[in-house]
Amino acid sequence: MTATPPEPRPVQLDAMSPRERRELFLALPKTDLHCHLDGSLRVSTVAELAADRGVRALAERLGYRLPSDTSEEHLGKILAPGLGCQSLEEYLLPFDIICGVLQTREALTRAAYELAMDAAAENVWYLEVRFAPQRHIHPELSGIEVIRAVDDGLRKAEEETGGKILTGILICAMRNYHESIGDYHRRVRGMFPYATSRELGSLCSLAAARLAVEAKRAGVSRVLGFDLAGAEANFPPSHHREAFSWCIDNFLDITVHAGEGYGPASIQEAVTHLNAQRIGHGTRILEEGDGLLTYLRDRRVAVEVCLTSNLQTKAIPSLDAHPFRRFLAEEVRAPLCTDNRLVSNITLTDEYELAWRHFGLSPKEIRRTVLYGFKAAFVPYARRRHLLLAAKARLRELGLGGQWTRAEEEAFDAWKRGAAATA
Ligand SMILES: [Zn+2]
């Protein structure tokens, strides 16, 4: 029988030392719902892979140009461009180097494993990793092998942490078609020389959707959802309607990058044409008034907030211009996410600290932001509920409020025993 524990002391963030505050943000039970595999490698791993002869030879055969200086110092500078980055397009450049070294099963498994281990080390209890399989497909590696390789890495991390982290996979389609995206896209162009880029974009996203569903059918149960990523301007969500219909028909959940590189129309299309349950970024949501924000709030469509990434891509000129404060005030589900741990040079703990510092979050608002992440997770209901209850108990233990309940305490006890994975 679980006894009622004494009431924890409520935290007073302003009265804490910077170290105590950092420890609190680190200890928060967190979710990261928007995290790109290829933007979140360890720089040491990219350096090691880029120096490997076999990896380099394959990358070159596939048309990637890897830098000749593969030192961590040099790669750290070019892969994490910092706030000097001028646009979304410039922000996306490091991905060409990183994708160049991620063309083997082993590299993909390692990248996924290390990402999940790094996330678990900062108390991310639930992580959804997203990537575009088509950027890793070539004559020696099929789409399903790419997905299985990532799945293997995530499974290994779940096992090694004793179930302290749960993971899911989101398959990305690219919203823009261009031969430079990779070998797969070049070969598609070769097969359809007279097709327009728009036609090929729709064709590739539908093929990505078919692959996602196929992986799920083949038993890769971590495949939970589908996303649209890449350059946003000139490539509206409606071009990809067929791909998303296929995913919805086959019970995959939907999130869409929107309102980052383009205005509210992109968000509107994501929810009305593609049935998005979550929006990635949504920074430009308020440009035409409050209507869209109200719509998202009322339907519990979550917005995955990536503060540092938004500053780097110049989606917002400063944090003052970010709608996060409005999201909090209007109770829009807006969990904090990293986007790209390496390219933005951040952890999720950093993002909580930044949000607290800039927006002056109260303990209640921190609690709410954390819980939004668990509520908006695509993991099946029983596990989602279990994680949510356990997170509530942990938040209460940390002094962030909430009422004691037996169900929460029992879920937290089970989580401590590593039972979340089997809930
Ligand atoms: Zn993203």
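Worth pointing out:
- Residue list for the range 228-273, filter: within 16 Å of the ligand (Cβ to nearest atom) and assigned to a loop (DSSP other than H, G, I, E, B): G230, A231, E232, A233, F235, G259, E260, G261, Y262
- Within the span defined as the range 39-62, one or more residues are among the hydrophobic types (A, V, I, L, M, F, W, C), more than 16 Å from the ligand (Cβ to nearest atom) and within 26 Å of Y126 (Cβ to Cβ).
- Qualifying residue in the range 255-262 (condition: over 22 Å from L296 (Cβ atoms), crowded, with 21+ Cβ neighbours inside 10 Å and touching a residue at least 12 places away in the same chain (Cβ under 8 Å)): no
- Here R325, R333 are screened, and the one residue that is among the charged types (D, E, K, R) and over 27 Å from C172 (Cβ atoms) is R325.
- Flag for L319 being hydrophobic (A, V, I, L, M, F, W, C), within 16 Å of the ligand (Cβ to nearest atom), surrounded by 17 or more Cβ atoms within 10 Å (Cβ to Cβ) and under 24 Å from L13 (Cβ atoms): no
Here is a yes/no grid of residues against (1) out of contact with any Pro (no Cβ under 9 Å at 6 or more places or on another chain); (2) closer than 23 Å to A258 by Cβ; (3) surrounded by fewer than 21 Cβ atoms within 10 Å (Cβ to Cβ):
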residue	(1), (2), (3)
T167	yes, no, no
R175	no, yes, no
E179	yes, no, yes
Y194	yes, no, yes
A215	no, no, no
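- Single match in G219, G225 (criterion: within 16 Å of the ligand (Cβ to nearest atom), within 23 Å of G168 (Cβ to Cβ) and of a type outside the set (F, W, Y)): G225
- Within the range 307-318, residues that are basic (K, R) sit with their Cβ atoms under 9 Å from residues that are within 11 Å of the ligand (Cβ to nearest atom), at 6+ positions apart or across chains, in these pairs: K314/L88; K314/Y91.
- Applying the condition of being surrounded by fewer than 20 Cβ atoms within 10 Å (Cβ to Cβ) and of a type in the set (S, T, Y) to the range 15-44 and asking which residue is farthest from R110 (Cα to Cα) yields S17.
We did not get these values from a lab; they are worked out from the coordinates using the rules stated. Please read these numbers as outputs of a predicted model, since none were measured by experiment. Virtual Cβ from ideal backbone geometry, glycine too; neighbours counted across all protein chains shown.
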